[in-house]
Amino acid sequence: MFEKPFAESCEQNKQPILEVLSKVFNESGKVLEVGSGTGQHAVFFTQQLPHLQWYPTDVSTALPGIRLWIKDAGHDRIEMPQELDVNIEIWPFRNMDYVFTANTTHIVSWSEVKSMFRGIAQVLKSGGIFCQYGPFNYNGSYTSPSNEQFDQWLKQRDSRSGIRNFEDLVLLAEKHEMILYTDFEMPANNHILAWQKK
């Protein structure tokens with residue numbers, strides 16, 4: 001029998017992320033989550049933020065686990081998860097008020113990061129907010145020794161992955177008409193970058 005997946009990192013970071021999302025996702029609307037993982041974030045955030053309708057996505061292998069979390073959520077504010085390949089030209093979503101992703105851009109290749117930003121810009125309505133959680137480098141430097149060790153581990157696992165430079169992301173976002181709204185410093189040397197679509 002397939003067991004409901006669990007990520008300790010989601011359990012640890014969900015409350016600090018919620019505190020930020022409650023400020024920036026503060027009006028009723030639809031949220032596209034890119035890379036929903038286990039589904040823990042989708043369930044927790046919609047339980048705490050009932051004004052949001054959540055659209056989880058991930059690769060096909062993650063979808064059964066997300067469905068198990070949704071089944072136990074006890075409300076209907078989460079849509080059934082959809083498979084999403086960030087590289088496709090046209091994403092199957094439109095007019096999203098918000099987009100959220102956690103711990104994705106250092107896992108995928110830089111080419112996929114570029115595809116992700118292009119797709120998010122497609123689906124986000126004008127004035128919409130994109131929140132991106134994870135570790136980032138600033139001025140080409142690590143923010144902590146632990147992030148440097150983590151980056152080395154990532155690159156040993158997959159040479160195409162790694163912690164991204166904040167300045168590169170700013171340029172990429174601007175190319176797709178998304179401007180940095182706020183940079184929230186988070187626990188454990190992470191940040192939430194909040195972008196607003198023009």
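The table below gives the values:
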{"quantity": "Segment 1-49: GluC sites (Glu not before Pro) in DSSP loop, at most 10 other beta carbons within 10 Å", "calculated": "GLU3, GLU27"}
{"quantity": "Residues TRP153 and ASN87, FRET efficiency given R0 of 25 Å [Cβ-Cβ distance, rounded to 0.05]", "calculated": "0.50"}
{"quantity": "C-alpha center-to-center spacing [segment 81-149, segment 1-53] in angstrom", "calculated": "16 Å"}
{"quantity": "Leading residue at positive end of dipole, the chain (Cβ point charges), from THR61, HIS176, SER146", "calculated": "HIS176"}
{"quantity": "Cleavage-rule hits (GluC sites (Glu not before Pro)) in segment 140-198: DSSP loop, at most 13 neighbouring Cβ within 10 angstrom", "calculated": "GLU177"}
{"quantity": "Estimated distance in nm for a label pair at ASP168 and SER28, the labels positioned 7 Å out from Cα along Cα-to-Cβ", "calculated": "4.1 nm"}
{"quantity": "Candidates per trypsin sites (Lys or Arg not before Pro) in segment 54-145, loop by DSSP, up to 16 other Cβ within 10 Å", "calculated": "ARG94"}
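None of the figures in this text is laboratory data; all of them are computed from the coordinates on show. Just so we're clear, the structure is a prediction, and the values are computed from it rather than from any experiment. Note: ideal-geometry Cβ built from the backbone for every residue, glycine included; neighbour counts use all protein chains shown.
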